[in-house]
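A.B. asks: Below: one structure in structure tokens.
Every number in this text was worked out from the coordinates using simple rules, so none of it is lab data. Everything numeric here is computed off the predicted structure, so don't read it as measured data. Cβ: placed from backbone, ideal geometry, glycine included. Neighbour counts: every protein chain shown.
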Amino acid sequence: MAAWGTFTMGRMAIGRMDQWPAWQRWGALVLAWVLYIGGFWLLLDNRELVVRGLALLVIVAGLLLLVYACKAVLNERVRNIDRWQMRAMLPAFLVYILLALYVLPLVDQIATPWLKAAAALSPMAPLLFVAWVMVRYVNRCDEMERRQHLEASGIAVLVVGLVGMSLGLLSAAKLAVFDATFALLMVLPALATVYGLACALAKWRHRAR
Amino acid sequence: MKNRVRELREAHGWSQGVLAEHLDVSRQTINAIENGKYDPSLPLAFKLARLFKQRIESMFEPDEGRQ
């Protein structure tokens, strides 16, 4: 009972991280990044099932802390929609990692074309779910946040499109050589990264003090 | 657009976070409205007016230079 009480108090303290002193909020953000990157390092550096399971737990803890700490650094509380987004995205994220680790390496060994295509496209299932979660999340944000998301997506399309076009022109002039498969695989991560950075910048500019 | 959101919020003794919770918006949105960096939509402006029991035109007025 006492343990449950401590757990509940801990949850409440993390839930109101926006009221922590600044150094603690920034400390939590650094810890979240350490857990997140450390988790991936553990995951990719080890083949043992137990260590990989532990790494996934570390990644989940890092991601959860990252969401709370990012909000807290911006003096923002975690709202119900943020919790909903986290609850929806975390399992999808874990499924994506598991498929990438355990299903994608099997693609070369599969002979049946439709089965091979299904295995190769399997990571798209969690990604499509994440896309649906993001659309619902943005629709449930307030009006200024929706404008920020719109601006961020516009910036992402523009930056990735212009960089892609530039690299394509360099490749056409035979000044640089790019692997087409790699380039196609990089489109979504590049869009997501620029979108995330643009969103973070807009939120930092308008953060409450 | 000029507004009296900060003045009315402080008169109620509320922080930006408390007002944000009342309106179900983020704290940064309240901050941007108070600093004149974001003009709220009509539904949000009416929500604000209703919360502070004010007429909407007494809370918001256009900048002279932008008319």
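A.B. asks: One-quarter of the Cα convex hull surface for region A:14-68, in nm²?
C.D. replies: Values: hull surface 14.1 nm².
Over every viewing direction, the Cα hull of region A:14-68 projects on average to 3.5 nm².
A.B. asks: Continuing with this model, one more query. For chain B, what is Rg from Cα atoms divided by 2.2 N^0.38 Å, rounded to two decimals? Present the calculation step by step, with values, prior to reporting the outcome.
C.D. replies: On the way: Rg = 11.2 Å, N = 67, 2.2 N^0.38 = 10.9 Å.
Normalised Cα radius of gyration, chain B: 1.03.
A.B. asks: Between A:Leu191, A:Leu175, A:Leu64, which gets the highest mean-square fluctuation from a Gaussian network model of chain A, Cα cutoff 10 Å?
C.D. replies: A:Leu175
A.B. asks: Could you work out the relative contact order of chain A? I mean the mean sequence separation of Cα pairs under 8 Å and 6+ apart, divided by the number of residues, in percent.
C.D. replies: Details: 159 pairs, mean separation 38.3, N = 209.
Once normalised by length, the contact order is 18 percent.
A.B. asks: Could you tell me whether region A:79-119 comes out rounded, prolate or oblate from its Cα gyration tensor? Rule is a ≥ b ≥ c as square roots of the eigenvalues, rounded for a/c under 1.5, then prolate if a/b exceeds b/c, otherwise oblate. Spell out each step's value before the answer.
C.D. replies: Working: a/c = 8.16, a/b = 3.34, b/c = 2.44.
It comes out prolate by the Cα gyration axes.
A.B. asks: Also: Would you mind calculating the relative contact order of region A:25-103 from Cα pairs under 8 angstrom and at least 6 residues apart, reporting the percent as a whole number? Present the calculation step by step, with values, prior to reporting the outcome.
C.D. replies: Values: 60 pairs, mean separation 25.9, N = 79.
Over region A:25-103, the number comes to 33 percent.
A.B. asks: What relative contact order, as a whole-number percentage, does chain B give when Cα pairs under 8 Å and 6 or more residues apart are counted?
C.D. replies: Normalised by residue count, the contact order of chain B is 43 percent.
A.B. asks: Can you compute the FRET efficiency between A:Arg207 and A:Trp114 using 1/(1 + (r/R0)^6), with r the Cβ-Cβ distance and R0 = 51 Å? Round to the nearest 0.05.
C.D. replies: Details: r = 50 Å, r/R0 = 0.98.
Computed FRET efficiency for A:Arg207 and A:Trp114: 0.55.
A.B. asks: What number, rounded to the nearest 500 deg cm²/dmol, is the helix-based mean residue ellipticity at 222 nm of the protein assembly as shown, given -39500 (n - 2.57) per DSSP H run of at least four residues and division by all its residues?
C.D. replies: Working: 13 runs with 205 residues, N = 276.
Value at 222 nm, helices only: -24500 deg cm²/dmol.
A.B. asks: What list of ³J(HN,Hα) couplings, whole Hz, do you get for region A:70-87 from phi and the Karplus terms 6.51, -1.76, 1.60, once you set θ to phi - 60° and write x for glycine and proline?
C.D. replies: Calculated HN-Hα couplings, in order: 4, 4, 5, 4, 8, 6, 10, 7, 7, 9, 4, 5, 5, 5, 4, 4, 4, 4 Hz.
A.B. asks: Once you put a point 7 Å from the Cα of A:Ala125 and another 7 Å from the Cα of B:Leu42, both along the Cβ direction, what distance in nm separates them?
C.D. replies: My value for the distance between the label points is 4.7 nm.
A.B. asks: Sort B:Phe52, A:Phe182 so the one with the fewest other Cβ atoms within 10 Å of its own Cβ comes first. Let's see the in-between values first.
C.D. replies: Numbers: B:Phe52 19, A:Phe182 8.
Arranged by neighbour count, lowest to highest, B:Phe52, A:Phe182 become A:Phe182, B:Phe52.
A.B. asks: Going by how many other Cβ atoms sit within 10 Å of their own, how do A:Ile97, A:Ile110 line up, fewest first?
C.D. replies: Values: A:Ile97 19, A:Ile110 15.
Ordered from fewest to most neighbouring Cβ atoms within 10 Å, A:Ile97, A:Ile110 come out as A:Ile110, A:Ile97.
A.B. asks: Looking only at A:Met186, A:Met89, A:Met17, which one moves most when chain A is put into a Gaussian network model with springs between Cα atoms under 10 Å?
C.D. replies: Among A:Met186, A:Met89, A:Met17, the largest mean-square fluctuation in the Gaussian network model of chain A belongs to A:Met186.
A.B. asks: Test of understanding: express the Cα radius of gyration of region A:49-202 as a ratio to 2.2 N^0.38 Å, with N the residue count.
C.D. replies: On the way: Rg = 18.5 Å, N = 154, 2.2 N^0.38 = 14.9 Å.
Its radius of gyration relative to the 2.2 N^0.38 Å reference: 1.24.
A.B. asks: Can you tell me how much longer the chain between A:Ala61 and A:Asn46 gets when fully stretched, taken as 0.36 nm per residue apart minus their C-alpha distance, in nm with one decimal? Display every interim value, and only then the final one.
C.D. replies: Values: separation 15, 0.36 × 15 = 5.40 nm, distance 1.89 nm.
Length difference between fully extended and current span is 3.5 nm.
A.B. asks: Just to check I understand the Karplus step: with θ = phi - 60° and J = 6.51 cos²θ - 1.76 cosθ + 1.60, what whole-Hz values come out for region B:11-27, glycine and proline as x?
C.D. replies: Per residue, the Karplus-derived 3J(HN,Hα) values read 5, 7, x, 9, 7, 4, x, 5, 4, 4, 5, 4, 9, 6, 10, 7, 5 Hz.
A.B. asks: Next up: In vacuo Debye scattering of the protein assembly as shown, one point per C-alpha: log10 I(q)/I(0) at q = 0.09, 0.14 Å⁻¹?
C.D. replies: Log-scaled intensity ratios, in q order: -0.59, -1.17.
A.B. asks: Which ³J(HN,Hα) values in Hz, rounded to whole numbers, follow from the phi angles of region A:192-204 under the Karplus curve 6.51 cos²θ - 1.76 cosθ + 1.60, where θ = phi - 60° and Gly and Pro get x?
C.D. replies: In residue order, the calculated couplings are 5, 5, 5, 4, x, 5, 5, 4, 4, 5, 5, 5, 5 Hz.
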